[in-house]
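Let me begin by presenting the structure, written as structure tokens, before commenting on it.
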Amino acid sequence: MKITGVRAHCLASELETPFAFSQGWVKARGACLVEVQTDAGLTGWGEALCQGLQPPQIAAAAIESALKPLLIGADPLQIEPLWHRMYMQTRDYGMKGAMIAAISGVDIALWDIAGKSLGQPVWRLLGGAHRERVQIYATGFYREAGQGEAPRLADEATQRAAEGFRFLKIKLGFGVADDLAVMQAVASAIEGKGLRLMIDTNHAYGVADAVRLGRALAPLDLRWYEEPVAAEDLAGYRELRAKLDVPVAGGENEFTVFGFRQLFEARAVDIAQPDVCAAGGLTACRHIASLALAHGVQVNPHVWGSSVGQVASLHLIGALPLANPSLFADEPVFEYDCSAHPFREQLVDKPLRQRGGWLDLPTAPGLGIEVDHGALERFRA
Ligand code: CA
């Protein structure tokens, strides 16, 4: 089998209601889907992640100009050698960011082809399932005004609890006083319902404010505190871990086993959050998971992509070992974004659907989805 075509599809969709996270206003959804074609008639799909403010055209240009020439004519089942070829040939100008997101998109598509060609779901090719279903957590709680939205966010928490979510991750980083008002309102809205909360400031603060927030929220017994400081500030992460009891999570803006090595060596995180569509694909996430295991760190992937990225993440989470297993260990949970996103509803034949707060691992060969070409045209950027 040979690769005959590599295409990057840039998609865009304006949001009816723009929303904010701590780093800016999201006015449109973008996605970069990757299609890899073969002479055997099999097509694989992948995705290069667009972080909240990232245009899809950057990864698309990297795929078309830098990666495609390395792939045409190659055997798509040579997944690991192709990953190394893509990484090593772009290393001097790549290593992080959109270049690695581009490699991620191609890599996921190659795993999809491998699964389709062998008649097996991707999680089986990754070594098999540590779990057959994955519990989800609600990501949402974005802002429509910015500050002063505690009552609306408390209502959102009530709604998510009624929908069956057992875990809610609250977006913070809008000023410590506003953050505390939000958490007080959310915590009272779900009091006694047995839910667990996480927080995510998207690195809005330096160490002093990040510690102040973490200490004030200690009574809430948060499951984790995500991206408390900037991704480059490994010493800041380490300081925070020393000063707070809450598990510290991070890594959605880190890449490959080389980047995560620094995170682990610095003892910066309790929970590592690579995004399969950004950190280097399923191949790189396997490398990262092994290294995390050796450091006693649990991998719990970040998920923010379209249907393609979501399902690739689900296969990965199914195949992730527990770093610290026990009878009643905290299993990895799937980030289920509840904000408006047409690329999660309209792009593939079988979008993920939660049932009672859980997702079942797909059983069809490859990723287990087919992309709707009509939808690709409708949303083409
Ligand atoms: Ca995050």
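The values are calculated or read from the model by the stated rules, or taken from the named source; none is laboratory data. Here the structure is a predicted model, which is why all the values come from computation and not from measurement. Here the Cβ positions follow ideal geometry from the backbone for every residue, glycine too, while neighbour counts run over all protein chains shown. Accessible surface areas use protein heavy atoms only, side chains included; no ligands, DNA or RNA. Shrake-Rupley method; radii C 1.70, N 1.55, O 1.52, S 1.80 Å.
For Lys68, the aspartates and glutamates whose Cα falls under 19 Å of its own Cα, not counting residues fewer than eight places away in the same chain, are Glu35, Asp39, Glu47, Glu80, Asp92, Asp107, Asp112.
The accessible surface of the chain, taken with every protein chain in place and a 1.4 Å probe, is 51 percent carbon and sulfur. Of the trypsin sites (Lys or Arg not before Pro) in the stretch 122-205, the ones in a loop by DSSP (not H, G, I, E or B) with at most 11 other beta carbons within 10 Å are Lys193. Dipole magnitude for the stretch 3-120: about 220 debye, using +1 per Lys or Arg Cβ and -1 per Asp or Glu Cβ, origin at the Cα centre.
Per residue, the accessible area of the stretch 123-360 comes to 38 Å² when a 1.4 Å probe rolls over the protein heavy atoms. Shape call for the stretch 1-68 from the C-alpha gyration tensor, a ≥ b ≥ c root eigenvalues: rounded (a/c under 1.5), prolate (a/b greater than b/c) or oblate? Here the stretch 1-68 falls in the prolate category. Annotation: peptides 55-66, 233-244, 318-329, ranked by per-residue average of other Cβ atoms within 10 Å with the highest first, follow the order 55-66, 233-244, 318-329. Coupling constants for the stretch 104-115 follow from the phi torsions by the Karplus curve (6.51 cos²θ - 1.76 cosθ + 1.60, θ = phi - 60°), and in residue order they are 4, x, 5, 4, 4, 4, 5, 5, 4, 4, 4, x Hz; glycine and proline get x.
How large is the helix-only mean residue ellipticity at 222 nm for the chain, computed as the sum of -39500 (n - 2.57) over DSSP H runs with n ≥ 4, divided by its residue count, in deg cm²/dmol to the nearest 500?
Calculated mean residue ellipticity at 222 nm is -11000 deg cm²/dmol.
Counting every C-alpha pair in the stretch 123-360, the share spaced more than 31 angstrom apart comes to 19%. The amide H of Gly357, built 1.01 Å from its N in the peptide plane, has no neighbour under 5 Å, considering only residues 5 or more places off or on other chains. At full extension, Arg267 and Glu345 could sit 24.2 nm farther apart than now, given 0.36 nm per residue minus the alpha carbon distance.
If you wrap the tightest convex hull around every Cα atom of the stretch 3-120 and split its volume per residue, you get 114 Å³. In terms of the mean number of neighbouring beta-carbon atoms within 10 Å, the peptides 197-203, 2-8 order highest first as 197-203, 2-8. Inter-part distance, the stretch 202-224 to the stretch 279-345, computed on C-alpha centroids, equals 23 Å.
Taking only alpha carbon atoms, the stretch 65-135 gives an Rg to Rh ratio of 1.04, where Rh is the Kirkwood radius.
Please work out the average accessible area per residue across the stretch 3-120, using the 1.4 Å probe convention, and give it in Å².
With the other protein chains kept in place, the stretch 3-120 gives 38 Å² per residue.
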